[in-house]
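First comes the structure, then the notes that go with it.
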Amino acid sequence: MRLSLKWKMGLVLAVLLILTVAVLSELVLRGIEQNQQQRMEEQLEKQSQVAAQYVRQNYMTGDERLSAEGFMGQSGRRMALYLAMLSGMPTALYDSTGKETGSSLQTTGSVDYKDTLAYALQGKVAYQTSGDSVTYFAPIYEGEKLLGAVQLHYSMVRDHLFIKEIRNLFRTAGMFALGGGFLIGYGYFYRVAAVIGKLRKASKDIREAAYLKKPPVRRRDELGDLGNDIFYMSGSIEAHIAGMKEEQRKLELAVTKLQALERQQKQFIGNISHEFKTPLTAIRAYIDLLSMYRDDPQLTEEAIGSMGKESERLYEMVDKVLRLSVLEKYDFEQQAEAVALDELLLDLAGRMRGKAGKFELRLDTELEQAVVWADRESLISIFVNLIDNAIKYNVPGGSIVIRLSHETGGDTVVSVEDTGIGIPEEAGDKIFEPFFTVNKDRSRQSGGTGLGLPIVKQLVEAQGGRLEWHSEPGNGTVFRIFFPKVDS
Ligand code: ADP
């Protein structure tokens with residue numbers, strides 16, 4: 001059977017109180033009994049001394065010729081009655097032979113006092129208890145001479161009644177202590193049990209991940225401390241679990257990234273083999289033809305031109321693939337320095353103006369002075385690729401403008417703007433994926449590999465910059481590169 005704490009504590013307190021009352025009553029009753037006994041002995045001793053004195057006086061002032069037995073026989077009854085009246089106790093007198101010479105008692109009763117009397121006649125005080133009465137014997141001497149003995153009856157009825165009343169009083173008190181103790185214990189622990197109930201609910205809430213916003217109980221005792229501890233524990237579990245969830249989220253993100261990377265790599269390798277096979281197949285085909293028609297000067301001429309173009313393309317592809325894979329893994333190639341960007345762009349524009357001219361394109365610059373913190377070789381790669389694309393994907397009679405300016409926030413912006421064919425909206429950011437080309441044939445014709453923009457993006461990010469682009473198909477494209485402000 002499951003007893004609740006309040007019942008247990010109520011019972012414990014009740015039992016404790018009743019035990020206390022029982023022990024207390026036992027001690028008090030014993031004390032009273034001892035006190036009654038002592039008072040009784042004192043009173044009996046005093047009365048026996050009075051009696052002995054009285055008998056002695058009577059004997060000395062009486063007839064000298066009478067023996068002690070004779071005197072006791074003659075005056076015993078009178079003296080006994082007088083002494084009984086004086087002390088208020090039934091009294092009897094005996095001579096030295098043990099014969100009763102006078103008594104105020106109605107009947108001697110059935111109790112045998114012989115032994116006790118004999119004891120008194122030997123000169124010793126003795127008493128005997130039967131029921132509610134005590135019979136006391138004391139010798140009476142005149143000098144060395146034994147005159148007899150006095151017998152006193154002491155009634156303990158009142159004493160016993162008193163004891164009984166006190167005992168009843170304690171019993172009533174005990175009953176009250178039992179009931180009161182139980183009620184107090186039950187009542188007090190009812191409140192404690194309510195607090196424990198709150199603590200239990202708090203721990204259940206934590207188990208169900210409903211973390212605490214405040215301590216479940218407010219008390220200035222151990223239960224209050226426990227409540228505070230549970231509250232702090234809830235906080236740290238919540239933080240712990242939040243941390244674990246965050247870790248899990250990061251891990252899932254990393255796994256997704258890794259999976260994407262793996263897919264990209266597979267695609268990359270697939271693309272490489274495909275892209276490499278095309279020029280190699282062309283070269284192999286010309287070698288086969290040349291071995292068959294060795295003396296054909298026109299074929300030889302054509303083969304030299306095509307094989308040269310294809311091997312050039314192969315070389316460029318190998319170079320770019322290697323750069324890209326190095327860029328993806330390491331950044332040791334970057335050696336940042338303060339670069340005067342306006343000078344660098346002016347120089348590049350000058351060098352590429354010839355190529356632009358071939359395609360009947362104008363190449364203009366609008367450059368403010370600017371210094372950026374970057375790797376010079378990477379900057380050259382970035383802008384050569386962008387200007388090259390602006391030339392490749394332009395239309396005859398079109399133009400290219402390279403602008404260098406400062407943003408209000410302090411960033412340096414370079415834009416490469418063309419009036420070319422533009423990039424279709426659906427291509428989106430795929431243009432930064434390796435080997436992506438909007439139009440394969442046009443790219444091949446112009447010597448494109450689909451690796452230029454991925455390299456540009458990687459290099460821009462390696463300089464701490466960012467890239468934006470905007471295109472209107474049929475109207476042209478603009479690429480903007482933002483370089484962070486250089487702290488001077
Ligand atoms: P590619 O070597 O083929 O030029 P890129 O990575 O440099 O490779 O460019 C990817 C594709 O983005 C190109 O094939 C082209 O279709 C498109 N593109 C890049 N720059 C421009 C531009 N300025 N105008 C129009 N299309 C562009």
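The values are calculated or read from the model by the stated rules, or taken from the named source; none is laboratory data. Just so it is clear, the structure is predicted and the values come from calculations on it, not from any experiment. All Cβ positions, even for glycine, are placed from backbone atoms using ideal geometry, and neighbour counts span all protein chains on display. Side chains are part of the model used for accessible areas, which takes the heavy atoms of the whole protein and leaves out ligands, DNA and RNA. Shrake-Rupley method; radii C 1.70, N 1.55, O 1.52, S 1.80 Å.
Modelled label-to-label distance, GLU45 and GLN298, 7 Å Cα→beta-carbon offset: nm?
Label at GLU45, label at GLN298, 16.5 nm between them.
Per q in 0.09 Å⁻¹, report the Debye log10 I(q)/I(0) for the chain, using one uniform scatterer on each alpha carbon and no solvent.
-0.84
In degrees between 0 and 90, to the nearest 10, how far off the longest principal axis of the chain does helix 222-292 point, with axes built from Cα atoms?
That works out to roughly 20 degrees.
Show me 230-236, 92-98 ranked by packing, highest mean number of other Cβ atoms within 10 Å first.
Numbers: 230-236: 15.4, 92-98: 20.7.
Result, highest mean first: 92-98, 230-236.
Kindly state, as a whole number, the per residue volume in cubic angstrom of the convex hull around the alpha carbon atoms of the range 357-488.
Once divided by residue count, the hull of the range 357-488 is 112 Å³.
Per the 1.4 Å probe, what fraction of the accessible area of the chain, in percent, lies on carbon and sulfur atoms?
Ligands and nucleic acids excluded, carbon and sulfur give 55 percent.
GLU64 versus ASN439, label points 7 Å from Cα toward the beta carbon: distance in nm?
Placing both labels 7 Å along Cα→Cβ, they lie 17.9 nm apart.
In the structure shown, do any of LYS250/LYS329; LYS266/LYS320; LYS6/LYS164; LYS245/LYS485; LYS8/LYS164; LYS201/LYS245 have a Cα-Cα gap over 29 Å, and if so which?
Numbers: LYS250/LYS329 21 Å; LYS266/LYS320 18 Å; LYS6/LYS164 36 Å; LYS245/LYS485 37 Å; LYS8/LYS164 33 Å; LYS201/LYS245 25 Å.
Check vs 29 Å cut-off fails for LYS6/LYS164; LYS245/LYS485; LYS8/LYS164.
Ignoring solvent entirely, what values of log10 I(q)/I(0) come out of the Debye formula for the range 211-329 at 0.13, 0.18 Å⁻¹ when each Cα is a single scatterer?
-0.76, -0.98
For the chain, with every protein chain kept in place, what is the accessible area per residue (1.4 Å probe, Å²)? Can you show the working numbers first?
Working: 30330 Å² over 488 residues.
Value for the chain: 62 Å² per residue.
Using a Förster distance of 35 Å, how high is the FRET efficiency between GLN37 and TYR141, based on the Cβ-Cβ distance and rounded to 0.05? Before the final figure, lay out each step's value.
Values: r = 26 Å, r/R0 = 0.74.
Here the calculated transfer efficiency is 0.85.
Along the charge dipole of the chain, Cβ charges K/R +1 and D/E -1, which of TRP373, GLN57, VAL12 sits furthest on the positive end?
Result: GLN57, furthest along the dipole toward the positive end.
For the chain, what is the relative contact order in percent, using Cα pairs closer than 8 Å and at least 6 residues apart in sequence?
10 percent
For the range 97-238, just list the percent of Cα-Cα distances falling in each 10 Å bin from zero outward, please.
Whole-percent P(r) values from 0 Å outward: 10, 20, 12, 9, 8, 8, 8, 10, 10, 5, 1.
May I ask for the angle, rounded to the nearest 10°, between helix 297-329 and the longest principal axis of the chain, with both axes built from Cα atoms and the value confined to 0 to 90°?
The answer is roughly 20 degrees.
Reachable lysines from LYS145, Cα under 29 Å, same-chain residues fewer than 8 places away excluded?
Cross-link targets: LYS46, LYS99, LYS114, LYS124.
State, as an integer percentage, the relative contact order of the range 333-483 based on alpha-carbon contacts under 8 Å between residues 6 or more apart.
Normalised by residue count, the contact order of the range 333-483 is 23 percent.
Can you pull out the trypsin sites (Lys or Arg not before Pro) in the range 1-46 whose DSSP state is coil and whose Cβ has at most 11 other Cβ atoms within 10 Å?
ARG2
Sort out the exposed loop GluC sites (Glu not before Pro) in the chain (DSSP loop, at most 13 other Cβ within 10 Å) and tell me the longest stretch that has none.
209-332
Relative contact order of the range 237-396: what whole-number percent is it, with Cα pairs under 8 angstrom and at least 6 residues apart? Spell out each step's value before the answer.
Details: 80 pairs, mean separation 29.5, N = 160.
That works out to 18 percent.
Among the trypsin sites (Lys or Arg not before Pro) within the range 99-183, which fall in a DSSP loop and have no more than 16 other Cβ atoms within 10 Å of their own Cβ?
Numbers: sites: LYS99, LYS114, LYS124, LYS145, ARG158, LYS164, ARG167, ARG171; in loops: LYS99, LYS124.
For trypsin sites (Lys or Arg not before Pro) across the range 99-183 that sit outside H, G, I, E and B with at most 16 neighbouring Cβ atoms in 10 Å, the list reads LYS99, LYS124.
How high is the FRET efficiency between VAL478 and ARG351 when r is their beta carbon distance and R₀ equals 22 Å, given to the nearest 0.05?
Calculated transfer efficiency: 0.55.
For the range 5-164, what is the per residue volume of the convex hull drawn over the alpha-carbon atoms, in cubic angstrom?
So the per-residue Cα hull volume is 126 Å³.
If you line up the long axis of helix 452-462 against the longest principal axis of the chain, both from Cα atoms, how many degrees apart are they, to the nearest 10?
40 degrees
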